[in-house]
Ligand code: GLN
């Protein structure tokens, strides 16, 4: 490959090749960052970014260049979902209510990545407060799918997916509450992981459903995804839900043979309306794994059908209390205060401030979009006295059964193979009028969040319109290493 070609294809090179090219001075990271910022500008129609941080990126890059240290993630240019805190930068969560707010600290995940040499190129678009599956609920307009601009990139981490798919970054961070990394990864032809609950610190991730939320990664290759994952993962005293379980070497074990691997195909993930090409990809992947020495057997997760109703009770319930903090007093947008008046003189009394409830009501009314308000109302309803037992408590009990299904199945299987989503990327507007139709696109992803187990989406083929198809692998708690290993080997044969 000529030097010129390498420079042009920076984001398409593998991480190892990028590192090698950097090491021998084949290209200059500062120039690369500048080129990517220009490309982001040129592709602004995608609306992938809400803020670019090129000055910071250039500053980090120069610092890296002048250091003797061998930063393990040098060559990773990262796009970050705008619900993950980066000191002195915006943190809008794609909501008007946080307009103008600047983060006072950096999330643990981003701090660890920066320390390892990652360069942050910008903050990406999302559904407001990560509530949605298409980015159509962003207060700043939707992001477009780079494969077909009339289609959604998925959500809620749609900007992060579009950024990597369009070659505007080499990897991105998203967040998962019910599928928001895996579904956009599937729609945009990327590898996307949702780690085990507690694996990556949530310190600096804006809370949506705290018992479900996890930071996840998207990248073009499993290797890069694994490298970013293992750098962020591991215990953090700043997050009391963070797990002390040690993080194994993931990226170093991708080629371990799969002989003897016990793979389950859950019956419930083959029912209902699934686009035939998606079902076909799962079948093909099963065949490939068999050829690699795995055993493939049908299995059952009998409570799967309750996952969507349970998720859409628990996630809004948690959201309704987490979002109570946006009151127009402490953060961002404030409405309902009288316009400034000339200073009172000659004994006149300045007009009193309105009651605080009026400020809170007006700020929340103006600051939140329709979907966020719907979730707050749903959540408040299921938590209210008289309905708590019937909805919230019952949903908690069913969540336990869903987790138990996974524990049972992982006694007999190492890995589960399913579609990531029932269909490939859908068109803008196709599901906005019917929230239930939108919620059902999470049908195969939400169970892993409810159970807390890790899951990954890997690109595996295309449909007849040329749209990428994602297949999903799920494993027992803390077995991300196994997910990466299998994903990497499937990636090697995916067309
Ligand atoms: N689509 C789901 C929702 O709207 C999941 C979102 C997410 O994982 N953040 O809640």
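For the reader, a short list of remarks on this structure follows.
- The mean sequence distance of close C-alpha pairs (under 8 Å, at least 6 residues apart), as a share of the length of the stretch 225-276, puts its relative contact order at 27 percent.
- Peptides 204-211, 444-451 ranked from most to least packed give 444-451, 204-211, packing being the mean of other C-beta atoms within 10 angstrom over each peptide's residues.
- Estimated [θ] at 222 nm from DSSP helical runs (n ≥ 4, -39500 (n - 2.57)) normalised by residues in the chain, nearest 500: -10500 deg cm²/dmol
- Here the residues 267, 364, ranked from fewest to most Cβ neighbours within 10 Å of their Cβ, fall in the order 267, 364.
- The chain - percent relative contact order, Cα under 8 Å, separation 6 or more: 17
- Cβ-derived FRET efficiency at R0 56 Å, residue 286 paired with residue 387, nearest 0.05: 0.85
- Bridge type composition, the chain - antiparallel percent by DSSP, nearest 5: 65
- Residue order for 420, 11, 295, fewest other beta carbons within 10 angstrom first, comes to 295, 11, 420.
- Extension gain (nm, one decimal) between residue 68 and residue 356, 0.36 nm per residue minus Cα-Cα: 98.2 nm
- Label point distance in nm, residue 295-residue 31, each placed 7 Å from Cα along Cα→Cβ: 5.7
- FRET efficiency, residue 374 to residue 321 (Cβ-Cβ, R0 22 Å, nearest 0.05): 0.90
- Each peptide in 393-401, 455-463, 472-480, 95-103 gets a packing score, the mean of other Cβ atoms within 10 Å over its residues, and the list from highest to lowest is 455-463, 472-480, 95-103, 393-401.
- In this structure, residue 411 and residue 51 have a Cβ-Cβ separation that, at R0 = 60 Å, corresponds to a calculated FRET efficiency of about 0.80.
- Placing a label point 7 Å from the Cα of residue 210 along the Cα-to-Cβ direction, the residues of the stretch 62-94 whose backbone N falls under 18 Å from that point are 84-85.
- Gyration tensor verdict on the stretch 399-495 (Cα atoms; rounded if a/c is under 1.5, prolate if a/b is larger than b/c, oblate otherwise): oblate
- Bridges between two residues of the stretch 30-187, per DSSP, are antiparallel at a rate of about 40%.
- The stretch 1-145: C-alpha pair distances exceeding 23 Å, %: 39
- Pairwise label distance in nanometres, residue 150 with residue 259, each label 7 Å out on the Cα-Cβ vector: 5.1
- Ranked 232, 438, 292, 377, criterion: other C-beta atoms within 10 Å, fewest first: 377, 292, 438, 232
- Contact order normalised by residue count of the stretch 18-87, Cα under 8 Å, 6+ apart, percent: 39
- Extended-chain gain in nm, criterion 0.36 nm per residue less alpha-carbon gap, residue 433 and residue 241: 65.5 nm
- Dividing the Cα radius of gyration of the chain by its Kirkwood radius returns 0.99 for Rg/Rh.
Read-outs throughout are calculated quantities, based only on the coordinates presented, and are distinct from any laboratory measurement. This structure is a prediction, so every number in the text was calculated from the model and none was measured. Note that we place each Cβ from the backbone using ideal geometry, even for glycine, and neighbour counts take in every protein chain shown.
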